[in-house]
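Okay, structure first, notes after.
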Number of protein chains: 2
Amino acid sequence: MSSDSSDAPAGITKGTRAAEARRKPRDPLAPDPGPPSTGAEGGFDPHVPDIDYGVLDSLVGYAIRRAQIRIYEDFVASLAQWQITPPRFSALVIISRNPKLKLTDLARILGIARSGAVLLVDALEEMNLVARRPAAEDRRAYSLVLTPTGKRTLEAAKQAVIAHDAHVASALTEQEQATLKSLLGRLAPPRAE
Amino acid sequence: MSSDSSDAPAGITKGTRAAEARRKPRDPLAPDPGPPSTGAEGGFDPHVPDIDYGVLDSLVGYAIRRAQIRIYEDFVASLAQWQITPPRFSALVIISRNPKLKLTDLARILGIARSGAVLLVDALEEMNLVARRPAAEDRRAYSLVLTPTGKRTLEAAKQAVIAHDAHVASALTEQEQATLKSLLGRLAPPRAE
């Protein structure tokens with residue numbers, strides 16, 4: 001019941017991260033717990049009966065979150081044979097289409113933390129889908145490439161993802177799908193600083 | 001580089017999970033790396049110049065992912081003073097509106113793994129916003145409640161979230177916002193098993 005670690009000083013890392021660590025003595029933004037790692041029985045119910053969602057029901061942001069969970073579930077079921085999740089798929093596509101990509105580029109493109117990109121690429125390397133190659137112009141850096149297995153897997157997975165995405169949007173007309181994409185693209189305009 | 005554990009038999013759990021465990025010999029769904037934990041300079045660019053996004057540009061699922069990252073960034077910036085992330089906020093709202101809620105209920109409602117809900121509630125408890133209370137009807141279980149600080153924080157945070165959500169959708173008319181929510185609610189119809 002007690003919480004004895006809440007005020008423990010953060011273990012400071014070295015180098016340029018130290019400044020960041022000082023600014024943020026403890027992680028203010030714990031990782032998003034993300035969707036269930038095993039499908040819930042019957043799948044995610046966006047409106048569990050008898051549950052009061054309060055303000056969440058009125059938020060555009062929560063409507064997007066609900067949709068994202070359902071899409072994630074269908075994606076993962078569709079690609080189960082390759083154990084490819086949405087971030088893994090996005091990484092494979094970006095790596096395949098953009099030569100000489102570095103880890104920091106990948107993180108920036110996918111909108112994830114560098115530490116998240118490290119975990120992602122480690123998993124893809126362990127699955128023998130991605131390899132790190134020394135970068136010609138910088139000995140300390142490396143570029144990401146697909147392995148031959150990675151190329152074959154991506155081709156097959158891509159067809160499965162296209163079919164999955166068609167299913168996700170199958171209740172919408174083509175016009176509605178275009179409207180949806182357009183409306184999504186207009187969300188969250190950057191704040192003036 | 002090698003992947004020596006991919007075909008290792010799973011440590012089988014008991015009961016109904018055994019069948020599922022056999023189908024999924026190792027964690028096929030590494031945690032979603034999630035959005036950046038520190039805002040990228042200038043924020044997330046959904047279309048980084050000179051990057052080829054390939055099939056991603058055509059997917060409804062990736063359009064949602066792009067929107068979600070931008071919304072997440074604005075949310076986190078808007079609630080920085082309380083260190084409240086979207087999942088933390090959702091959890092606080094659900095706990096505040098639903099008495100006698102258990103951890104497994106919370107996980108199911110939010111569409112996250114139980115392990116993710118544990119981390120989430122641990123963080124909220126450490127922040128002194130949520131407490132675990134023994135459940136009257138089951139000595140081994142407990143219910144989640146907001147602390148007095150949690151109640152005050154939620155009231156303030158709720159106003160900030162409403163303002164954030166209004167900003168997120170500020171480029172859309174009310175009619176367009178309603179259309180967006182309606183289209184989102186029709187995505188990813190459950191698969192016939």
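The values are calculated or read from the model by the stated rules, or taken from the named source; none is laboratory data. Quick caveat: nothing in here was measured; it's all calculated off a predicted structure. Here Cβ is always computed from backbone atoms with ideal geometry, including for glycine, and neighbour counts include all displayed protein chains. We work out accessible area using only protein heavy atoms, side chains counted, and drop any ligands, DNA or RNA first. Shrake-Rupley method; radii C 1.70, N 1.55, O 1.52, S 1.80 Å.
When A:LYS151 is represented by a point 7 angstrom out along its Cα-to-C-beta vector, the spacings to that point in the other copies are 6.4 nm, nearest first. Distances between copies at A:ARG97, taken between label points 7 Å from Cα along the C-beta direction, are 3.8 nm in increasing order. The string of couplings for region A:117-133 from the Karplus curve (6.51, -1.76, 1.60, θ = phi - 60°) is 5, 4, 4, 5, 5, 4, 5, 5, 5, 5, 7, 6, 9, 10, 10, 9, 10 Hz, one whole number per residue in order, with x for Gly and Pro. Solvent exposure of region B:80-180 amounts to 47 Å² per residue of accessible area, where only protein heavy atoms count and the probe is 1.4 Å. In region B:80-180, Cα pairs under 8 Å separated by at least six residues give a relative contact order of 26 percent. Near the amide H of B:ALA135, within less than 5 Å, lie the amide hydrogens of B:ALA141, B:TYR142, B:SER143, all on another chain or at least 5 residues away, with H placed in the peptide plane.
Chains A and B: what accessible area do they bury, summed, in square angstrom to the nearest 100, with a 1.4 Å probe?
8600
Enclosing the Cα atoms of region A:54-170 in their convex hull gives a volume equal to 121 cubic angstrom per residue. In the assembly of identical copies, A:ARG133 has its label point, taken 7 Å from Cα in the direction of the beta carbon, separated from the corresponding points by 6.2 nm (ascending, one decimal).
Taking only protein heavy atoms and a 1.4 Å probe, the accessible area of region A:48-140 is 51% carbon and sulfur.
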